[in-house]
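The values are calculated or read from the model by the stated rules, or taken from the named source; none is laboratory data. Everything quoted here is computed from the prediction, not taken from an experiment. Ideal geometry is used to build each Cβ from the backbone, glycine not excepted, and the neighbour counts take in all protein chains shown.
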Amino acid sequence: MFLSKEEERILNGEEGEVKQLALKLLVKLGEKFKAEKLIKITSVQIAGISYKTISEPGLEFIESLVNSGARVSVPAFMNPAGMDLDNWKEMGIKDEFAEKQKRIVEALKRAGVIPASTCTPYLCGLLPAKNEHLAWSESSAVIFANSVIGALTNREGGPSALASAIIGKTPYYGLHLKENRQPKLNVEFSGKIKDECDMYALAYCIAKQSKDIPYIKGVNVCDTDLLKGFGATLAAYNSLAIFHIENVTPEAKEYCNKDFCFEDKVRITDEDLEKAKEEMSEEGEEADIIMIGCPHTSAKEIAKINEMIGNKKMNKKMWIFTSKPVKILIERSNIALELEKKNVKIIADTCPVVAPIEELGIKCIVTNSGKATFYLPSTCKAKVIFMPIKEIVEKFAE
Ligand code: F3S
């Protein structure tokens, strides 16, 4: 891999051990994927922040790196932590877990990482432009950045994202290269998207058919919140990091001409969506709680939920997950207070999957998140009932 003179100096340890270690990691990664060089990035999003997922070795690694002087050189945001960093007691989080989680966040803050603790950094201060090179790591954030914004990022692991944040560069391979962003699968959707669960069921159907980058025709909606949930579901069910939707996503127009050759083609119908929704949901279970916000909810979504509940009150506990900046915005309005009276709590900084839900006695969760239907059963040992927010409110508000 080609290295500039400055990069060689760093690799030789002339700028200290931390930078040397970070660059070594990036060079190793670049060589593995046959990258020709490193390229500058404009921002980083670092996953692997929750004590639940990285435990003691992760905590020790981060603290020792920061104690040795690690400092980010480009704007870097944290992914969700394992708890609401201010109101963790209300969630029922144990003191020991909280103490470890705080140490992880404090160490990263000392390194200059911004504790937005969210998988939707683009909703709260980290919005790249088309063609910006990034090193983001949470799968829903990555697929949103690539597909909806048209920025360029691979899906980084926690350590490689941290290394990129320190150096300000990433290896030039994968989705940083135009040729690797082309769709191969032509998806013809002949049905109608009626709500968010239809949209995420479409992602599920595509994911079950192929791992190739899809070019999707026939989608009748264009909405940021739906696209963030759609991408999250696609990434969860088959690790895709980019998709294109005709007339919706920015790069789709490059592939819409009749001469573009796809390698494969699938058709998805309304019946397929109905079947998918059945597969994504557990039947006949008694839910303990309703969880919304995987990916983190936007302020718009929270306001809509408040509107939908209206003068009623939820008869089942409901938690809405979001970032701290969005929570502050909602608290500035009267919405947070109104929701509290309706038995709805807004939880910041964490999410249904990376919080230690399984230790809180939660066994069955109602959600409208396609991604959560994939992860909650495996990472939280919880059953999932999948239904759109409109139906959730109709069923549980009185
Ligand atoms: Fe975000 Fe957690 Fe879901 S990181 S996409 S809310 S699993």
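Per the listing 154, 180, the residue uniquely more than 15 Å from the ligand (Cβ to nearest atom), free of Cβ contacts under 8 Å to residues at least 60 places away in the same chain, of a type outside the set (Lys, Arg) and outside any strand (DSSP E or B) is 180.
Checked against the criteria, residue 397 does not count as of a type in the set (A, V, I, L, M, F, W, C), within 14 Å of the ligand (Cβ to nearest atom) and touching a strand residue (DSSP E or B) at 6+ places or on another chain (Cβ under 8 Å). Restricting attention to the range 278-315 and to residues that are of a type outside the set (A, V, I, L, M, F, W, C) and within 16 Å of the ligand (Cβ to nearest atom), the residue that is surrounded by the fewest Cβ atoms within 10 Å (Cβ to Cβ) turns out to be 298. Within the range 292-313, residues that are more than 23 Å from residue 355 (Cα to Cα) reach partners that are within 16 Å of the ligand (Cβ to nearest atom) and at pLDDT 95 or above with beta carbons closer than 7 Å, at six or more positions or on different chains, in the pairs 300/225; 308/389. Looking only at residues that are away from the ligand (no atom under 11 Å from the Cβ) and not in a helix (DSSP H, G or I) in the range 350-363, which one is surrounded by the most Cβ atoms within 10 Å (Cβ to Cβ)? Residue satisfying both the conditions and the ranking: 362. Inspect the range 328-344 for any residue being closer than 25 Å to residue 49 by Cα, at pLDDT 95 or above and within 16 Å of the ligand (Cβ to nearest atom) and give the result as yes or no. Checked the range 328-344: no residue is closer than 25 Å to residue 49 by Cα, at pLDDT 95 or above and within 16 Å of the ligand (Cβ to nearest atom). For residue 203, indicate whether it is within 29 Å of residue 302 (Cβ to Cβ) and assigned to a helix (DSSP H, G or I). When the stated conditions are applied, residue 203 passes them. Take the residues of the range 351-389 that are within 15 Å of the chain's Cα centre (by Cα) and among the hydrophobic types (A, V, I, L, M, F, W, C): which is farthest from residue 91 (Cα to Cα)? Out of the qualifying residues, it is 374.
This table checks each residue for (1) touching a residue at least 24 places away in the same chain (Cβ under 8 Å); (2) of a type outside the set (A, V, I, L, M, F, W, C); (3) closer than 12 Å to residue 45 by Cβ.
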| site | (1), (2), (3) |
| --- | --- |
| 86 | yes, yes, no |
| 90 | yes, yes, no |
| 105 | yes, no, no |
| 125 | yes, yes, yes |
| 128 | yes, yes, yes |
| 145 | no, no, yes |
| 148 | yes, no, no |
| 159 | yes, yes, no |
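Conditions (1) crowded, with 22+ Cβ neighbours inside 10 Å; (2) touching a residue at least 12 places away in the same chain (Cβ under 8 Å), marked per residue:
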residue	(1), (2)
224	no, yes
234	yes, yes
239	no, yes
246	no, yes
255	no, yes
258	no, no
261	no, no
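Summed over the range 129-148, residues that are more than 16 Å from the ligand (Cβ to nearest atom) and buried (at least 21 other Cβ atoms within 10 Å of the Cβ) total 2.
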